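Report on one structure; see the data block that follows.
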Amino acid sequence: MTSLMIQGTSSGAGKTILTAALCRIFSDRGFSVAPFKSQNMSNFSYRGRGFEISRAQAVQAVAARCQISPNLNPILLKPLGNYYSTVFLNGKKFKKMHASEYYDTFVRTDGMKLALESFYRLEKQYDMIILEGAGSPAEINLTKYDIANMKIAKRVKSNVLLISDIDRGGSFASIVGTLALLDSKAQDLVKGFVINKFRGDLNILKPGLKKLEKITKKPVLGVIPMTEITLPEEDSLGMGMRKFAWDESGFKMVDREVAKIARLVEQNLNIGEILELAK
């Protein structure tokens, strides 16, 4: 079994879409693939037969052509406001929890154990697992509670690709700053960068990429151009909630969109080198 983790310099950097694209690309190459996100906070969910997980991991499962199961997203937090969330564990509603209770008494003990158990179950079933991080791995006030980024990458010994949204601005600083705030073991796991949502002339960008590689001693593995994506959003930080139903037409739409995105990613990323990082 091989694995690779996609982390981002921020929420909305493109982790979810890149994970879906890589799931489809490697599935097309003959691997049995599954996505995995240990902890997701979103009110957009997928309801299967007797379980509920994040909609994003269901979309990625369609991309990977794998079974949609609770193992793909063992912890789902559905925000209620005022620092409360409804917590789902292994697809089942657990209870309403305040953020302080969740972080102080659950996440580092039961939460990590639950996440690892799901990952190891997937490990036995699939050739490759593409993990998705959450937010940024460099939220240093939350590092000891963060089981969705470097803690899980370290435990399962997964290399990391770091993706950044250049359309927002500050992408180079975000990459360098993220690395600087990670400990040395986490820095070693980051094997390269992906620049997302680029507009304009790539030749104008190239000097910046070379300088970034010189500063970090790590490669830029590709630049993904800005494109319109009609997949359902992962959370409220996206472009707004779209009407979406998990019926036959919904599945067909997702399959069609991930195929389009996978082609775009494959054309603009060094997939051979990324595959080597997953080994």
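Do we have any residue at all in the stretch 63-71 that's crowded, with 18+ Cβ neighbours inside 10 Å, in contact (Cβ under 8 Å) with a residue 60 or more places away in the chain and assigned to a helix (DSSP H, G or I)?
Yes.
List pairs: first in the stretch 203-224 and without any contact (Cβ under 8 Å) to a residue 12 or more places away in the chain, second part of a loop (DSSP other than H, G, I, E, B) and open to solvent by 20 Å² or more (accessible area, probe 1.4 Å), Cβ under 7 Å, 6+ apart or cross-chain?
Glu213/Pro219
Could you count how many residues in the stretch 189-207 are surrounded by 13 or more Cβ atoms within 10 Å (Cβ to Cβ) and out of contact with any helix residue (DSSP H, G or I) (no Cβ under 6 Å at 6 or more places or on another chain)?
Residues flagged as surrounded by 13 or more Cβ atoms within 10 Å (Cβ to Cβ) and out of contact with any helix residue (DSSP H, G or I) (no Cβ under 6 Å at 6 or more places or on another chain) within the stretch 189-207 amount to 5.
Which condition does Asp127 not pass, out of (1) open to solvent by less than 80 Å² (accessible area, probe 1.4 Å); (2) within 28 Å of Leu179 (Cα to Cα), if it passes all the others?
Against the list (1) open to solvent by less than 80 Å² (accessible area, probe 1.4 Å); (2) within 28 Å of Leu179 (Cα to Cα), Asp127 comes up short only on (2).
Being in a strand (DSSP E or B) and at pLDDT below 95 is the filter here, so list the residues in the stretch 1-28 that pass it.
The one that is in a strand (DSSP E or B) and at pLDDT below 95: Thr2.
Hey, Phe31 hits all of (1) over 18 Å from Glu257 (Cα atoms); (2) open to solvent by 10 Å² or more (accessible area, probe 1.4 Å); (3) modelled with pLDDT of 95 or more; (4) in contact with a Ser or Thr (Cβ under 7 Å, 6 or more places away or on another chain) but one; which does it fall short on?
All conditions pass for Phe31, except number (4).
With respect to the numbered conditions (1) in contact (Cβ under 8 Å) with a residue 60 or more places away in the chain; (2) under 12 Å from the mean Cα position of the chain (by Cα), which one is the sole condition not fulfilled by Phe44?
Every condition holds for Phe44 apart from (2).
On the given criteria, is Lys206 charged (D, E, K, R), on the phi > 0 side of the Ramachandran plot and modelled with pLDDT of 95 or more?
It is false that Lys206 is charged (D, E, K, R), on the phi > 0 side of the Ramachandran plot and modelled with pLDDT of 95 or more.
What is the residue count in the stretch 143-175 for residues that are without any contact (Cβ under 8 Å) to a residue 60 or more places away in the chain, under 19 Å from Gly12 (Cα atoms), surrounded by 14 or more Cβ atoms within 10 Å (Cβ to Cβ) and out of contact with any Lys or Arg (no Cβ under 9 Å at 6 or more places or on another chain)?
1
Return yes or no: is Ile53 more than 26 Å from Ile195 (Cα to Cα), in contact with a Phe, Trp or Tyr (Cβ under 7 Å, 6 or more places away or on another chain) and in a loop (DSSP other than H, G, I, E, B)?
No: the conditions fail for Ile53.
Could we say that Arg55 is within 20 Å of Lys252 (Cβ to Cβ), open to solvent by 10 Å² or more (accessible area, probe 1.4 Å) and either polar (S, T, N, Q) or under 13 Å from the mean Cα position of the chain (by Cα) (or both) here?
The answer is yes for Arg55.
The values are calculated or read from the model by the stated rules, or taken from the named source; none is laboratory data. Just so it is clear, the model here is predicted, and its values are computed rather than measured. Methodologically, a virtual Cβ is constructed for each residue, glycine included, from the backbone with ideal geometry; neighbour enumeration extends over all protein chains shown. Keep in mind that these areas ignore ligands, DNA and RNA; they rest on the heavy atoms of the full protein, side chains included. Shrake-Rupley method; radii C 1.70, N 1.55, O 1.52, S 1.80 Å.
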